[in-house]
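Structure, as structure tokens:
The values are calculated or read from the model by the stated rules, or taken from the named source; none is laboratory data. Just so we're clear, the structure is a prediction, and the values are computed from it rather than from any experiment. Cβ coordinates were reconstructed from backbone atoms using ideal geometry, including for glycine residues, and neighbour counts include every protein chain displayed.
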Amino acid sequence: MTKENPTATHPHTAAPGRAPSGQSTSLGTSRPGKSPYPALLTVTYLLFTVMLGGTLPTPLYPLYAQRLGLSPLVVALVFAAYALGILGPLLFAGGLSDQIGRRKVLVPAVAIGILSCVVFAVSPTLPGLLAGRILSGISVGLTTGAATAYLGELHPRPPRAALVAAVTNMAGLGVGPLLSGFLITHAPHPLITPYAALAVLLLPGALVLALPESVRNAKDSTVRLRLQRLAIPAAARPTFAAAAVAVFGSFAVLGLLSALAGKFLAEGLHNTSPVMAGTVVLCAFGCAGLAQLAAARLAPHLGAIAGMVVVPLGLAVIVAALPAASLPLFLLGAAVAGAGGGVAFRSGLALVVAQAPAGRTGELVSSYFVAAYLGLAVPAIGVGLLVTATSLGTAATVFAAVVTVLAAISITVTAKTRRPNAT
């Protein structure tokens, strides 16, 4: 496998830089006398733990809000700092591991993840939260592309590596808030213990140094960090527009639940359990990952349409759960919306890649991820502002209405631009 597979990604997966040109080698097939599975397990574990840190603070936000007097808008801004941290590596260092090697990117990424834990633990202030979230985002942004490419080069059956990466990413994002929710409930020092546990879990990631490097001539490579150009070729604009609108709306749902799940549970459902806040996020991300796997063979156009039909249905269930004060209904809505978002994301990315002219895939994928992470951050900030100015129910209803309109636009344009060679 000589390049990162952008169609095998999920909400935080592949870096959109150019694929390596003859620099990497498939270790899984080039060393028949040596089992690749210890290396695969090491990289998979590293990816899981780094992604776990991306959602670890979710159940902690209500504690921070209470102790620091943070409004829902400020909490949403703290969450948005994470998306900002991810965008930096995606735009400036998307192909870095192709230049200097996978290990030389993954080890600093783990170190930055541990540093974010230290910042969170020693500085439970608003500046500390913002800095910790940015560092966490940088760690995730560096890890996802390099680890996904590494898995493809290590695995004896590279197509299976895509499934491993998808499941691992979603598992980490789903387990993170559940772990911190459990530690908050049952362990002392709730604003320190979850980060200490994550730092300990990240330490074995340094074992990646003992793995073989898969990028040839990595030591001789010159690091070139430059802004990835964002441009949409005219022929691809209709398809890209539909996919970008869909991924913006899909990530908006995942971002909203990650940022404000505790707020929705406490005020809407009168449930302040940190474990339950983690369970909500687990439902969303877990179902997103499972739905991606289940829909892997679905034609991209059909998947994009189906996903954006399902997302508004899940949001409608969430909105209905608030006045009914129904926790099961709220969990069901999170699961349905997450599943739809996962399918829409994967299918939209496949459509974008299929429409990319030769040599311009990186530009389109970069633009697609920018739309995705803007969706992760901007709507959550908007809902935080609405919750502060109006009521929780009104904010949820407005959010659901906006996403529904975006879904209708995406479905309409996708249906009109359907082409046989894009499926």
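Details
- Residues in the range 230-255 that are part of a helix (DSSP H, G or I) and modelled with pLDDT under 85 were compared, and the one that is surrounded by the fewest Cβ atoms within 10 Å (Cβ to Cβ) is ALA234.
- The sole residue among LEU84, LEU47, LEU126 that is touching a residue at least 12 places away in the same chain (Cβ under 8 Å) and surrounded by 22 or more Cβ atoms within 10 Å (Cβ to Cβ) is LEU47.
- Residues in the range 285-300 that are in contact (Cβ under 8 Å) with a residue 40 or more places away in the chain and closer than 24 Å to PHE240 by Cβ were compared, and the one that is surrounded by the most Cβ atoms within 10 Å (Cβ to Cβ) is ALA288.
- Exactly one residue out of SER366, SER326 is at pLDDT 90 or above and not aliphatic (A, V, I, L, M), and it is SER326.
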